[in-house]
Amino acid sequence: MHTADETSVGRRQFLRALGAGAAIAAASPLAPVAKADSENNEEKRKSRYKETDHVKAYYRVNRYPS
């Protein structure tokens, strides 16, 4: 059997450390930033749907045949 030095890093240990470092690096910019609620109750309840020209065209094109 082959005996490895105690000071050398094994392949599995290296890959484990590499994977942990990549996971930490990938998760850090995705951390959510807490923001205060900027809308009051009146703004939350208002209608946001607007039937614009492109919405009307979408409904016209995707209508079921009669």
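The values are calculated or read from the model by the stated rules, or taken from the named source; none is laboratory data. Predicted model only: the values in this text are computed from it and were never measured.
Note on region 1-38: residues that are polar (S, T, N, Q) and modelled with pLDDT under 75 total 4.
When you check TYR59 against the structure, is it modelled with pLDDT of 80 or more, under 28 Å from the mean Cα position of the chain (by Cα) and not basic (Lys, Arg), yes or no? No; evaluated as a whole, the condition is false for this residue.
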